[in-house]
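**Q** Handing you this structure, nothing more for now.
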Amino acid sequence: MAMMFVNLPVTDLDRAKTFYTALGFSINPLFTDHNAACVVVEEDHSYFMIQVREYLQSMTELPLGDPAVNPTASITIFVETRDAVDAAVVAGVAAGGAEVGEATDYGFMYQRGLTDPDGNIIDFGWMDPVAATQGPEAFTDQQQG
């Protein structure tokens, strides 16, 4: 099985760990130290490596940008229900993140924008299961039929 690790720069590792655990994720202590923490998004599949900026900078010769000013990526995590989207964003804001923009509701898909305390974009979304497997038109057909 493929595994995905997304590396994110942070300025305060403890603050970032608090934020991501408030969203319901866990920290894998086997891959966590004073430079980085492994955030388990989906066991055996999806992870964030939140890394202090100086440590992440040591892995590239290119300068790291400030995600709060010039984001270069946006991560969206899809959850089981619309209520779970709302709960994640509320928890993220309470843990020091910021909501970005208004919720978008396309009927078959619902999303809300969130940034972590460092400005990394971590959005949450829900998609109707019919639309997810058969496309948005199948959702519309289901609603009309």
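The values are calculated or read from the model by the stated rules, or taken from the named source; none is laboratory data. What you are looking at is a predicted structure, and each value in this text was computed from that prediction instead of being measured. Backbone-built Cβ (ideal geometry, glycine too); neighbour counts: all protein chains shown. Only protein heavy atoms, including side chains, enter the accessible area calculation; ligands, DNA and RNA are left aside. Shrake-Rupley method; radii C 1.70, N 1.55, O 1.52, S 1.80 Å.
**Q** Out of curiosity, is residue 37 closer than 30 Å to residue 105 by Cβ and of a type in the set (Gly, Ala, Ser)?
**A** In short, no.
**Q** Find all pairs meeting these conditions: Cβ atoms under 9 angstrom apart; at least six residues apart or on different chains; first residue within region 90-103 and farther than 16 Å from residue 74 by Cβ; second residue open to solvent by 30 Å² or more (accessible area, probe 1.4 Å) and of a type in the set (Gly, Ala, Ser).
**A** Listed pairs, sorted by first residue: 91/22; 91/24; 94/22; 95/22; 96/22.
**Q** Which condition breaks for residue 24 when tested against (1) open to solvent by less than 60 Å² (accessible area, probe 1.4 Å); (2) on the phi > 0 side of the Ramachandran plot; (3) in a loop (DSSP other than H, G, I, E, B); (4) of a type outside the set (S, T, N, Q)?
**A** All conditions pass for residue 24, except number (1).
**Q** I'm trying to understand the selection: among the residues of region 95-130, which are closer than 18 Å to residue 84 by Cα and of a type in the set (A, V, I, L, M, F, W, C)?
**A** Of everything in region 95-130, those that are closer than 18 Å to residue 84 by Cα and of a type in the set (A, V, I, L, M, F, W, C) turn out to be 95, 98, 100, 103, 108, 109, 114, 121, 122, 124, 126, 127.
**Q** If I ask for residues that are among the acidic types (Asp, Glu) and closer than 19 Å to residue 18 by Cα, which ones from region 87-127 would you list?
**A** Hits for region 87-127 are 99, 116, 118, 123.
**Q** Identify, from the list 114, 56, the residue that is surrounded by 13 or more Cβ atoms within 10 Å (Cβ to Cβ) and not in a helix (DSSP H, G or I).
**A** Answer to the selection: 114.
**Q** Cβ-Cβ below 6 Å, separation at least six or inter-chain, first residue in region 57-76 and over 19 Å from residue 35 (Cβ atoms), second part of a loop (DSSP other than H, G, I, E, B): which pairs?
**A** If the second residue must be part of a loop (DSSP other than H, G, I, E, B), the pairs left are 68/119.
**Q** When you scan region 101-145, how many residues do you find that are out of contact with any Phe, Trp or Tyr (no Cβ under 9 Å at 6 or more places or on another chain), modelled with pLDDT under 95 and β-branched (Val, Ile, Thr)?
**A** The number of residues fulfilling the criteria is 1.
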